[in-house]
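Colleague: I am attaching a structure below and will ask some questions about it afterwards.
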Amino acid sequence: MQAKLTLVGAGPGDAELITLKGIKALQKADVVLYDALANHSLLEYVPENAIIVNVGKRKGQHSYAQFEINQMIVEYALKFGHVVRLKGGDPFVFGRGYEELEYARAFGIETEVVPGVSSSVGVAGVNQIPITHRDIARSFWVVTGHTSDGLLPNDLKLAAQSSATVVILMGMSKLAEIVEIFSENGKKETPIAIIQNGTTTRQKSLFGQVQSIEAHVEATGISNPAVIIIGEVVSLHPDYVAAYDEHLLA
């Protein structure tokens, strides 16, 4: 028995967006520790005799603290062998994947990473919003909606000053502050999209402009888990064009 940890990115929600290598890792797992945002249908690939544990964290609902998950990885690996840590999106994009990898390494456990499709690009792509476009946006920022101390990162202020597409993950609770930052930087009329449960059958989308998006969010009830996309590329989406023509963005 070889103690091993494999971090597997499950993709942004649609089960078919996991990689083939990710599926093969699940098929060889002795233990699977999976996140709330990982599509649960992927567990069908796990061997029947494997141990499966839900360690998912949602805002305000943490079944396990991060240090507990780290300890579980080590304990299960040393006792049972191959632990697959199934994480939504990509393990290294705001997924705390490296913390888990580093902890396992400290105990001499073999480690491997299987990248996943990050929601930062996957949700936009599935919805046919190009986060880069050679005539509109030549770069993009991916920013977390909150730091470990619960604040918006300072990087967001720099991003708001650029012409780049800005993708914000886990930012719905900070939407008012995000709007304020972009408005202060002359971006009140910049197109914005908010996509909840992106790539899944439960997806809800909202298109608008920075200056009026809060009112639309309140009217529709759209919430977490959601990806916020801010930039001129959003104006390429037909729903944005339709809303603008109907003067819903005043």
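The values are calculated or read from the model by the stated rules, or taken from the named source; none is laboratory data. Keep in mind that this is a model prediction, so the values were computed, not measured. Glycine gets a Cβ as well: all are built from the backbone with ideal geometry, and neighbour counts include every protein chain shown. Note: accessible area is taken over every heavy atom of the protein model, side chains too, but ligands, DNA and RNA are not part of it. Shrake-Rupley method; radii C 1.70, N 1.55, O 1.52, S 1.80 Å.
Colleague: Would segment 120-227 count as rounded, prolate or oblate if I go by the C-alpha gyration tensor, calling it rounded below 1.5 in a/c and otherwise prolate when a/b exceeds b/c, oblate otherwise? If you can, show how the numbers build up before the last one.
Modeller: On the way: a/c = 1.31, a/b = 1.08, b/c = 1.21.
Judged from the Cα gyration tensor, segment 120-227 comes out rounded (a/c under 1.5).
Colleague: DSSP beta bridges in segment 15-124, what fraction antiparallel, as a percent rounded to 5? Intermediate results must be reported in sequence, preceding the final value.
Modeller: Values: 2 of 10 bridges.
Counting DSSP beta bridges with both partners in segment 15-124, the antiparallel share is about 20 percent.
Colleague: Which FRET efficiency value, to the nearest 0.05, do you get for Thr147 and Asp239 by plugging their Cβ-Cβ distance into 1/(1 + (r/R0)^6) with R0 = 41 Å? Spell out each step's value before the answer.
Modeller: Values: r = 32 Å, r/R0 = 0.77.
Working from the Cβ atoms, E equals 0.85.
Colleague: Now a separate question. Arg138 versus Lys21, label points 7 Å from Cα toward the beta carbon: distance in nm?
Modeller: It works out to 3.2 nm between the two label points.
Colleague: Still on this structure, I have one more. For the pair Glu214 and Tyr64, what calculated FRET efficiency results from E = 1/(1 + (r/R0)^6), where r is the Cβ-Cβ distance and R0 = 30 Å, to the nearest 0.05? Intermediate values should be presented prior to the final figure.
Modeller: Values: r = 33 Å, r/R0 = 1.11.
Computed FRET efficiency for Tyr64 and Glu214: 0.35.
Colleague: To continue, here is another question. Which one, Leu42, Ser148, Gly122, projects farthest toward the positive side of the charge dipole computed for the chain from Cβ point charges (K/R +1, D/E -1)?
Modeller: Positive-most Cα among the choices belongs to Leu42.
Colleague: Leaving out ligands, DNA and RNA, what percent of the accessible area of segment 1-93 is carbon and sulfur, probe 1.4 Å?
Modeller: On the way: 2250 of 4580 Å².
Carbon and sulfur: 49 percent of the exposed surface of segment 1-93.
Colleague: Sticking with this structure for a sec: Carbon and sulfur: what percent of segment 155-227's accessible surface (1.4 Å probe)?
Modeller: Numbers: 1440 of 3210 Å².
Roughly 45 percent of what the probe reaches on segment 155-227 is carbon or sulfur.
Colleague: Also, I was wondering about something else. For segment 1-139, what is the charge dipole size about the Cα centre, in debye to the nearest 20, if Lys and Arg each add +1 at the Cβ and Asp and Glu each add -1 at the Cβ?
Modeller: Numbers: 14 positive and 15 negative charges, 49 e Å.
It works out to roughly 240 debye.
Colleague: Which whole-number value in Å² is the accessible area per residue of segment 1-129, probe 1.4 Å? Show your work: numbers first, answer last.
Modeller: Working: 6370 Å² over 129 residues.
Result: 49 Å² per residue.
Colleague: Could you give the dipole magnitude of segment 91-250 about its Cα centre, charging the beta-carbon of Lys and Arg +1 and that of Asp and Glu -1, in debye to the nearest 20? Could you put the intermediate results ahead of the total?
Modeller: Values: 10 positive and 18 negative charges, 34 e Å.
For this selection, approximately 160 debye.
Colleague: Once you order the gyration tensor axes a ≥ b ≥ c over the Cα atoms, which shape class does segment 14-86 get: rounded for a/c under 1.5, otherwise prolate or oblate by comparing a/b with b/c? Before the final figure, lay out each step's value.
Modeller: Numbers: a/c = 2.16, a/b = 1.12, b/c = 1.92.
In terms of gyration-tensor shape, oblate.
Colleague: In addition: May I ask which residue of Leu86, Gly11, Ser63 lies farthest towards the positive end of the charge dipole of the chain, with charges of +1 (Lys, Arg) and -1 (Asp, Glu) on Cβ and the Cα centre as origin?
Modeller: Going by the Cα projections, it comes out as Leu86.
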